[in-house]
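One structure is given here, and the rest of the page talks about it.
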Amino acid sequence: MYPEQLLVEPGGSKLVNCSTSCAQPEAGGLETALTKSLLQSGPQWNQYLVSNISQDTVIYCYFTCFGDQKLKSLDVSVFYPPKQVLLKLQPAWVAAGRPFTVECHVPAVKPLESLTLTLLHGKEALCNKTFTGEKNGTRGATVTHNGTAHREDSRHNFSCHAHLDLRSRGGSILHGVSEPQMLKVYEPRPDNQMVVIISVVSVLLFLFVTSILLCFVLGQHWRQRRMGAYGVQDA
């Protein structure tokens, strides 16, 4: 059978060739539940168009030679490329020193075990996740990174890169990139309520200290007036 591996996007079509080394095969064909059309044929080969492929399946080529039927199978894999790579900053505005989260989500991608998501800040990789061992499906994939905001974070964009490596299935590496986003970092402002409390406490403390000093000065003055001044005469 050719190709030896069949990789196709959902709803796609592919050519499949079946051939045999038998000089005079009695019969031959292609067994599949998919829609098939015989395009060309020869004494030892047949070419088919297999169409409307929507899910993973197996198809079979067969030939009968001198009453003995030979059969060969071909695995068909349906893949979903990372067409959408969505990046979200939570929150988009954050005070310096406060936490924030970068989230990357690919809504529909398959096979998951061939997917790698990389979060970048400028050219620096913040997080790199390969979904090895994940079940096939089209529910999507998500990766998150938690960080603390710094003033220099606003100098470079955040982005997410998706890589779907289909080389082991006879394909290539497919890429997807999110729209870059900038984290807006601002200096935290003091809490107005706290400023009021501190101001009130400072004023009360000042008045208390002032009243203590005033009482001390007045007390000393009153004491001197009460005792008066007495002269000393010679004996």
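The values are calculated or read from the model by the stated rules, or taken from the named source; none is laboratory data. Note that the structure is a prediction, hence the values are computed from the model and not measured. Note that each Cβ is placed from the backbone with ideal geometry, even for glycine, and that neighbours are counted across all protein chains shown. Heavy atoms of the whole protein, side chains included, go into the accessibility calculation; ligands, DNA and RNA do not. Shrake-Rupley method; radii C 1.70, N 1.55, O 1.52, S 1.80 Å.
Quick notes
- Residues in the stretch 56-98 that are of a type in the set (Ser, Thr, Tyr) and surrounded by 13 or more Cβ atoms within 10 Å (Cβ to Cβ): Thr57, Tyr60, Tyr62, Thr64, Ser77, Tyr80.
- Test: residue in the stretch 109-117 that is among the β-branched types (Val, Ile, Thr), surrounded by fewer than 16 Cβ atoms within 10 Å (Cβ to Cβ) and in contact with a Gly (Cβ under 7 Å, 6 or more places away or on another chain): no
- Pro10 vs. criteria outside any strand (DSSP E or B), more than 17 Å from Ser77 (Cα to Cα) and either modelled with pLDDT under 95 or under 36 Å from the mean Cα position of the chain (by Cα) (or both): no
- Checking Thr138, Thr142, Thr132, Thr210 one by one, the residue that is of a type in the set (Val, Ile, Thr), closer than 17 Å to Tyr80 by Cβ and modelled with pLDDT under 85 is Thr138 and no other.
- Test: residue in the stretch 164-172 that is basic (Lys, Arg) and modelled with pLDDT of 90 or more: yes
- When the residues of the stretch 178-207 are filtered to those that are part of a loop (DSSP other than H, G, I, E, B) and at pLDDT below 75, the one that is nearest to His121 (Cα to Cα) is Pro188.
- Qualifying residue in the stretch 62-79 (condition: outside any strand (DSSP E or B) and within 30 Å of Val102 (Cα to Cα)): yes
- Those residues of the stretch 30-48 which are surrounded by 15 or more Cβ atoms within 10 Å (Cβ to Cβ) and touching a residue at least 24 places away in the same chain (Cβ under 8 Å), in sequence order: Leu30, Thr32, Leu34, Gln44, Trp45, Asn46, Gln47, Tyr48
- Of the residues making up the stretch 31-48, those that are assigned to a strand (DSSP E or B), over 42 Å from the mean Cα position of the chain (by Cα) and under 19 Å from Lys70 (Cα atoms) are Ser41, Gly42, Trp45, Asn46, Gln47.
- Look at the stretch 147-169: where a residue is in contact (Cβ under 8 Å) with a residue 40 or more places away in the chain and open to solvent by less than 70 Å² (accessible area, probe 1.4 Å) and a partner is in a helix (DSSP H, G or I) and among the small types (Gly, Ala, Ser), sitting 6+ places away or on another chain with Cβ atoms under 8 Å, you get Leu164/Ser114; Asp165/Ser114; Leu166/Ser114; Arg169/Ser114.
- Residue tally, condition open to solvent by 50 Å² or more (accessible area, probe 1.4 Å) and farther than 20 Å from Lys70 by Cα, over the stretch 12-29: 3
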